Amino acid sequence: MSIRISKESCKQCGLCSAVCPGALIVPDKEGYAQIDEPNKCWGCTACMKTCPYGAIALTLNSEASSTKLYAENEAETIKWTFIESNKEIEQITTHKKESNKY
Amino acid sequence: MSKIYRTIKTDVLIVGGGTAGCYAAKVLHNQSQLSLVVAEKAFVKRSGCLAAGVNALNAYIGPGETPESHTAYIKREFDDIVRDDLVYSVAKGLNDVVDELANEGLPILRNRDGSYAMRGKRSVKINGEHIKPLLADAITNKERITVIEQLQIYDLIKENNRVVGAYGFLKEENVFYRILAKATLVTTGGAAGIYKPNNPGESGHKMWYSPFNTGAGYAIGIRAGAEMTTFEMRFIALRIKNTIAPTGTIAQSLNSRHINRFGDDYLKDYDRPTTVERLLQTVIENKEGRGPCYLETEGISEAVERDLYKAYLNMAPSQTLSWIESGVGPSKANVEIEGTEPYSVGGHGASGYWVDSLRRTTLSGLYAAGDVCGGSPKKYVTGCLVEAKIASAAIIEDIETGKLQGAESSSDKWPLTESFGDQDDGADLMILESEMQSIMDKYAGGITTFYEYTIQGLEEAAARIDKLLDKALSIKVSSTKRLGELYEIIDRLYVAKVIIRHLSARKETRWSCYQQNGDYPAKDDCQRHFINSVYEPSGIRILTRALVGKEQTYEHSYQ
């Protein structure tokens, strides 16, 4: 389990580096965000929720086929999207002011 | 590479900017004029246990309950070995901090009359996805608070038997810090990663407790000779298999039965099973061939399933991802559960610093709150906040009454640097870590032995851990990033040594799984006391301490 950062989408803003609870994300030589030790990722998704460009996804294993989870953090909501082989298979929206019912 | 040395002075140093640390900084800032430094290993916005979020505040005094009944409940859960004075003082402060969080914008589920909707007697349901940024925002951009991020603290500064600050280094640069302070408050997490985890290898950090909590807060105190308590009580969580996500959301809210592979409710013979008993019976089912074990969720409605997806996204997103990826949600398949590896954590169990009623440790100038503070289990998030408040009040009092003067000498010592220099011997630190985890797993009551240990096994563990520590202390690294990784292992090895000594000192089985002594499988009421320890150059000295009453004010007798 780890995050994956897309170099194509990364805009080098550095927000993800400054939020990782393990300080695991550092810029590569060109300045793109990079997780240097994916096996140390806790899967908290703090970076995903901070990235304004949708460049970060969470996967449960390192296989290319594994489902990717993305988060779009809006003012009132977080929109969670699940992508499998470039196809959206599910979308769930959580409301920030709405408490858990369970 | 050149090294940079910086010395800074402050009134109060807070080691660890997690739940308790952020809140302590807020309280100290609001209630005094003291200058504060918060030393944070990563970044305060999401660091610590609350990184992903949390679904409920599990320590709250609900309707019909009182601080007295709460204290009695915790005593029962831990078979009497808790510090009643500490537990009671936490209980009395819980509801105030919950109200404070609500006022600051934490969404809490409410009934029609505006009261909090309870999950059981002691939990309120929240949207805690954003709880850590809420705590961190309160200490950001304050004139008297200096937050230093990516600063790893590695030792306390001691002067005439008083603690007057700490040494640290920055992770990404070769910068060393000496922070001199009148008071030092340890608020780091406890220790994960000492035992072999459920999922070693690629997903080694797929665990319940923050894998970044590597026992530094314990280790600096152990090395400085602070008295520690109850390290024999490890904490083992019952979690969802593979993702190690929490089970309370399902077990408590849906009242799901715990069933074995034959579909039998294996907790049906317990009247009100304690947390330990739920774990123990799950272990027994597996041991006796009736596993795997499940929470029965098959047949829940689609609406409930949808709400569970949301609940987990706000706390443990990998669980929702796992359900979606497999295409089989909890309405279609029961949720398999398992016990985790043991952790040392004073927010759930009782291992940590031995403190007086106001959270002063046995070393003058050193205070503890939250997961590193011992004797007060099941305090959880809100209890950690209450403890931060209590410790802050003690610090303000001790500084204002002139009890703490800070460092006197201007000695320019920089210890440690033996490991650090121009040469890096390229040691594989991951191998060192997994050796430690294997030793503890096999010989000190890990998952492999169903948490049970024997005295002979502990002797083996002690010898092997000592050897590993010698090896770790001889490793040479040439960057502070590597030094940080090395210290995360050295710190855990010190904690491991203390765990082993404590496990061997309790010659009974007081809490199954948490402390299960194969040579002494029964409870022995002659051992209704605390087991404490002090790390000395000659070895670890074990002492026993009597239980402390609820209304009693416990003070250290400094020698």
- [ ] Take every DSSP beta bridge with both residues inside the protein assembly as shown and express the antiparallel ones as a percent of the total, to the nearest 5.
- [x] 70
Open item on the list: Which of the three applies to the protein assembly as shown, rounded, prolate or oblate, going by the alpha-carbon gyration tensor with a ≥ b ≥ c and a/c under 1.5 meaning rounded?
Closed with: rounded
- [ ] Counting only C-alpha contacts under 8 Å and six or more residues apart, can you give the relative contact order of chain A as a whole percent?
- [x] 23
Open item on the list: Please compute, for peptide B:123-129, the average count of beta-carbon atoms on other protein chains lying within 10 Å of each residue's beta-carbon.
Closed with: 3
Task: Protection-proxy order for peptides B:125-138, A:83-96, each taking the mean of Cβ atoms within 10 Å per residue, highest first - done: B:125-138, A:83-96
TODO: Would you mind calculating the gained length between B:Asp424 and B:Gln405 on full extension (0.36 nm times residue separation, minus the Cα-Cα distance), in nm to one decimal?
DONE: 2.9 nm
TODO: On each of the three principal axes of the Cα atoms of the stretch B:331-477, give max minus min coordinate, whole Å, ordered largest first.
DONE: 55, 54, 36
Task: Reference-scaled alpha-carbon Rg (2.2 N^0.38 Å with N residues) for the stretch B:170-247 - done: 1.39
Task: Extension gain, B:Gln31 back to B:Glu397 (0.36 nm per residue minus Cα-Cα distance, nm) - done: 130.7 nm
Task: Whichever lysines have a C-alpha closer than 20 Å to that of A:Lys49, once near sequence neighbours (fewer than 8 apart) are set aside - done: A:Lys7, A:Lys11, A:Lys40, A:Lys68, A:Lys79, A:Lys96, A:Lys97, B:Lys45, B:Lys132, B:Lys206, B:Lys310
- [ ] Quick one: plug the Kirkwood hydrodynamic radius of chain A (C-alpha pairs) into Stokes-Einstein at 4 °C, 1.567 mPa s, and report D in µm²/s.
- [x] 91
TODO: Would you please calculate the Kirkwood hydrodynamic radius of the stretch A:18-72 over all C-alpha pairs and express it in Å, rounded to one decimal?
DONE: 12.0
- [ ] Using DSSP, restrict attention to beta bridges with both residues in chain B and report what percent are antiparallel, rounded to the nearest 5.
- [x] 60
- [ ] Using R₀ = 35 Å, calculate the FRET efficiency as 1/(1 + (r/R₀)^6) where r is the Cβ-Cβ separation of B:Gln252 and B:Glu460; round to 0.05.
- [x] 0.30
Task: Net charge contributed by nearby residues that have their C-beta within less than 9 Å of B:Ile244 (K/R +1, D/E -1) - done: +2
TODO: Report, in deg cm²/dmol and to the nearest 500, the calculated mean residue ellipticity at 222 nm for chain A, where each DSSP H run with n ≥ 4 adds -39500 (n - 2.57) and the sum is divided by the residue count.
DONE: -1000 deg cm²/dmol
Open item on the list: Per-residue Cβ counts within 10 Å, from other chains only, averaged over B:312-325: what number is that?
Closed with: 6
Task: Residues whose placed amide H lies under 5 Å from that of B:Ala117, excluding near-sequence neighbours - done: B:Leu109, B:Arg110, B:Asn111, B:Lys125
Open item on the list: For A:Cys10, B:Cys22, which order do you get if you count the other beta carbons within 10 Å of each Cβ and list the fewest first?
Closed with: A:Cys10, B:Cys22
- [ ] Evaluate Rg over Rh across the stretch B:111-179, taking Cα atoms for both radii and Kirkwood's formula for Rh.
- [x] 1.23
TODO: With the Cα gyration tensor of the stretch B:205-351 in hand, give its eigenvalues times 5 under a square root as the equivalent ellipsoid semi-axes, listed largest first in whole angstrom.
DONE: 31, 20, 12
Task: Relative contact order (%) - the stretch A:15-56, alpha-carbon pairs under 8 angstrom, separation at least six - done: 40
Open item on the list: Using only alpha-carbon positions, what ratio does the radius of gyration of the stretch B:285-371 give when scaled by 2.2 N^0.38 Å?
Closed with: 1.68
Task: Gyration tensor (alpha-carbon) shape descriptor, the stretch B:350-401, a/c threshold 1.5 - done: oblate
Task: Over the stretch B:9-104, equivalent-ellipsoid semi-axes from the Cα gyration tensor in Å - done: 28, 16, 15
Open item on the list: Taking the beta-carbon count within 10 Å as an exposure proxy, list B:Phe231, B:Phe176 from fewest neighbours to most.
Closed with: B:Phe176, B:Phe231
Open item on the list: Please compute, for peptide B:197-206, the average count of beta-carbon atoms on other protein chains lying within 10 Å of each residue's beta-carbon.
Closed with: 4
Task: Radius, Kirkwood style, for chain B when every pair of distinct Cα atoms is counted (Å) - done: 23.8
Open item on the list: Under the rule a/c < 1.5 gives rounded, and otherwise a/b versus b/c splits prolate from oblate, where does the stretch B:309-357 land using the Cα gyration tensor?
Closed with: prolate
Open item on the list: To make sure I understand, if each residue's beta carbon is the centre and we count other beta carbons within 10 Å, what order do B:Tyr23, B:Tyr266, A:Tyr32, B:Tyr209 fall in, fewest to most?
Closed with: A:Tyr32, B:Tyr266, B:Tyr209, B:Tyr23
- [ ] Find how many whole Å separate the alpha carbon centroid of the stretch B:306-341 from the alpha carbon centroid of the stretch B:167-189.
- [x] 39
- [ ] Please tell me the relative contact order of chain B in percent, rounded to the nearest whole number, where contacts are Cα pairs under 8 Å and at least six residues apart.
- [x] 20
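We did not get these values from a lab; they are worked out from the coordinates using the rules stated. Everything quoted here is computed from the prediction, not taken from an experiment. Using ideal geometry, Cβ is built from the backbone for each residue, glycine included, and neighbour counts are taken over all protein chains shown.
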